[in-house]
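Taken together, the values in this text are just the output of simple stated rules run on the coordinates, not laboratory data. Only a predicted model underlies this, so the values are computations on that prediction, with no experimental measurement involved. Here the Cβ is made from the backbone with ideal geometry for all residues, glycine too, and neighbour counts use every protein chain on show.
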Amino acid sequence: MGKPPLELAQIPDIVCTKVAFHPAHDIVAAGYADGTVAMADIGGERVLRVKAPGDGEVSALAWNPQGTLLAFGTEEGLAGIVDLTAR
């Protein structure tokens, strides 16, 4: 509140279709109409693309309760899980 909005993980001319906030950290995941999935550190404004474009619009995006897994799905039926467990 009281802060200007941030635009993180911008992809020119591509619409963001899904957003999921990390359950414990200032991290947001975003899915796009071109199939890209990215994570962004809100404080540091660092961006990590975790899925390249393709395979349809991102239609599902969610973290597990621990924030160690990020699941995504696309309109063309591709599904994936990004495992962020420390190793």
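Express in nm, to one decimal, how much length is gained between Asn64 and Lys3 on full extension, taking 0.36 nm for each residue of separation and deducting their alpha carbon distance. Walk me through the intermediate numbers first.
Values: separation 61, 0.36 × 61 = 21.96 nm, distance 2.83 nm.
Between Asn64 and Lys3, full extension yields 19.1 nm more.
Using the Cβ atoms and a cut-off under 11 Å, what net charge is assigned to the surroundings of Ile27, where Lys and Arg are +1 and Asp and Glu are -1?
Here the charged neighbours net out to -1.
Is the range 48-87 best put as rounded, prolate or oblate by its Cα gyration tensor, with a ≥ b ≥ c the root eigenvalues, rounded for a/c under 1.5, and otherwise prolate when a/b is larger than b/c, oblate when not?
Taking the square roots of the gyration eigenvalues as a ≥ b ≥ c, the range 48-87 is prolate.
Rank these for me by crowding, Glu57, Glu76, going from fewest to most other beta carbons within 10 Å.
Lowest count first: Glu76, Glu57.
What label, among [x] 53, 25, 20; [y] 39, 23, 21; [z] 38, 35, 20, belongs to Cα extents along the principal axes in Å computed from the structure on display?
Looking at Cα extents along the principal axes in Å for this model, the match is [z].
What FRET efficiency comes out for the pair Glu75/Gln10, r = Cβ-Cβ distance, R0 = 25 Å, nearest 0.05?
0.70
Among His25, Met39, Val82, which residue has its Cα furthest toward the positive end of the charge dipole of the range 16-83, with +1 on Lys/Arg Cβ and -1 on Asp/Glu Cβ?
The listed residue farthest towards the positive side: His25.
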